[in-house]
Structure formats: C-alpha cells, structure tokens
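Written below as structure tokens is the structure these notes are about.
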Amino acid sequence: MGCDVSVLMPAYNEADNLVEVIPATAAALEALGRSWEIVVVDDGSTDGTRTVMAGLRSANVRYIRLRRNSGKSAALEVGLDHVDGEHVVLMDADGQDDPDELPKMFAKLDEGYDLVTGSRVGGRQDRFIKRNTSKIYNGATAAVTGVKMKDFNSGYKLMTRELADSLEMYGELHRYIPVLAVWNGFKVSEVTVEHHERLHGTSKFGPARFWRGFLDLVTVKFLTTYTARPFHLFGGIGFGIGFGGSLILLWMLVSKLLGHDIGQRPVLQLGVLLIVVAVQMISLGLLGELMVNLRRRDRLDSSAEGDLR
C-alpha cells in the first residue's frame, strides 16, 4: 500500500540514536498531514540495532537488515527498492538532520523541482577539519560537473519518486545524487536547514572517505559527460599524447639529419613510447564508440520489434 512520504534512513551502529530519531521524525511527519512511512536500512550493524528496531517497528516503521556492512550507497540502493512513497526523503540516523525542516523542503519542491537538498552551509555542526575538507570537495564538484550547489554531500534530501526510481547507487555515488539527477534531466535546488550535533557516538566515516569521494568524482564526470561519446575522452587524450610524441620524434629526425647520434638517447625511446600509447588510447576510444553504437542499435531494434507486434 503506497503512501505520500517515505523517509529512507540508512543506519550503521546507530542504536542509541534511532531510539530518539525515529519518534522525532514520526512526529514531524504527522505534523505534515501526509501519509508516511519510515524505512530503516541496517547496514550490518553490530551494536544492537536489530534489538532496538524490534521495539520501534510498527505499521509505519519498517526495518531492513543487511547481513554485512556494505556502505551507504549500497544501503540506499536497497532502501530505494523498498520505499512506497510518492516522495522520498533521505535522512541520516545520527540525529544531525532536523525533521522539522521538512515543510521548508516540501515548499521548495512544490516550486517545480525534483530534488531539494538540505544545505548545512553556515551552520554545520561538525569538526573543523571535516567542515573545511567538505568545502574543498563541494567546490571541486561544482567546478568539475558544472552543477552549482554548495552542499552536495548533505545526507538530507527530498526527491520525487520518479527521480528516486532513476538512481543507481554503488561505490560512493550517494555523494553525487544532485549531479546524477541533473544528468538525467531533473531540476535540483537546495535550501538552508538546521544542522545539529550528533546525538550519540562518533562518525563512521574515516579519512579514506575523502580520496574515495574524489575518485568517484572522476567516475561521475565520465558517466555524465562521456558515456555516449567515449572517443572524445580517449581520442582527445590519445591525440594529445601523440602530438607530444610526434614533436619529439621530429626533433630526433632533425638531429639525425644534422649528423648527431640519436640511437642511445632516452628521449628517442620516450617519443616512440608516447606514439604507442597514443595509438592505444585512440583505439580504445574507437572501440568504445563501437560499443555505444551497437548498444544504440540493439535499443532501436528492440523498439522496432515492439512497434510491429
């Protein structure tokens, strides 16, 4: 049976927080006057979350348990497959997101947006290093992707069901939901929200989250820019490297014509290596274009078969 609002809450060792967060979220949802549900995805917790949730489950509060810790993106992927709401709220289980900000987020969504992010800029209650590293990350993401937002990594988001159904979460892609949404043609925005200190416990994300996040930024840039035209990336790199290699070999040719011995010069080997790498990159780009073309053909053939039936 469907409802209007589904709150999807991934949780990893947040038993002490869930006792407070779920009742507070339920009260805020009741105040909205919409039908609702809360779906908690336990990402392999070892702190008694299962026992706590046994006492919190109800007709409106559902609990999904993963046998091992798979990461936030994987937990969100599972949760998105199980939510029933026409609108989906993503919210962390540590108590830092304020459910009383939902009316403000819905008001923004009603302006015609498909995704509204709760921006913590200006009032973020986190450590100094975490806040400032996040500023660098947000700036780099905006510059690389062209999506103008200030807080990509906020876990507090409200989206339409259509957008939620379009998302595929893996790796650390939960950080780039706004970018993926824009790439799929959806309208995104953000509103400033209250951000509280964590109720209990400590953050589950260590220093590795930052370098993993930037690696996934490269992945997202590739997926959103070059999926349909891989030769633009690999061919461009190949031609650039090949141009450098050609200049080196031209230099070696001139040196040879002037009577210099070039057989033992390392720069000659460098020039040959660059040409070989350039040919490989260009070939990779062409193979990528071939794969894209074949996939497009298959889709057209399938569509044509469907129309003939």
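The values are calculated or read from the model by the stated rules, or taken from the named source; none is laboratory data. Predicted, not measured: the structure shown is a model, and the values here were computed from it. As a convention, Cβ positions derive from the backbone with ideal geometry for all residues, glycine included, and neighbour counts pool all protein chains shown. Surface areas here come from the heavy atoms of the whole protein model, side chains and all, with no ligands, DNA or RNA. Shrake-Rupley method; radii C 1.70, N 1.55, O 1.52, S 1.80 Å.
Each of Val61, Ser189, Gly171 was scored by the projection of its Cα onto the charge dipole of the chain, and the greatest displacement toward the positive side belongs to Gly171; charges sit on the C-beta of Lys, Arg, Asp and Glu. Treating the angle as unsigned and between 0 and 90°, give the value, to the nearest 10°, between the Cα long axis of helix 230-257 and the longest Cα principal axis of the chain. So the helix axis and the longest Cα principal axis differ by about 30 degrees.
Within the full protein context, the accessible area of Ile136 is estimated at about 110 Å² for a probe radius of 1.4 Å. For the listed peptides 254-261, 92-99, 110-117, a ranking on the average number of other beta carbons within 10 Å per residue, highest first, reads 92-99, 110-117, 254-261.
Contact order for the range 1-158, expressed relative to its length and based on alpha carbon pairs under 8 Å spaced 6+ residues apart, stands at 28 percent. The slack between Ala107 and Arg68, meaning 0.36 nm per residue of separation minus the straight C-alpha distance, is 10.3 nm. Computed from Cα atoms, the angle from the helix 128-145 axis to the main principal axis of the chain rounds to 60 degrees.
Helical runs (DSSP H, four residues minimum) scored at -39500 (n - 2.57) apiece and divided by the length of the chain put the mean residue ellipticity at 222 nm at -17500 deg cm²/dmol.
Taken along its principal axes, the alpha carbon cloud of the chain reaches lengths of 86, 61, 39 Å, longest axis first.
At the residue level, Trp251 shows approximately 130 square angstrom of accessible surface with a 1.4 angstrom probe and all protein chains present. Remark: the chain carries a charge dipole of roughly 1360 debye about the Cα centre, counting +1 on each Lys and Arg Cβ and -1 on each Asp and Glu Cβ.
Helix 15-32 and the long axis of the chain differ in direction by around 80°, with both axes built from C-alpha atoms.
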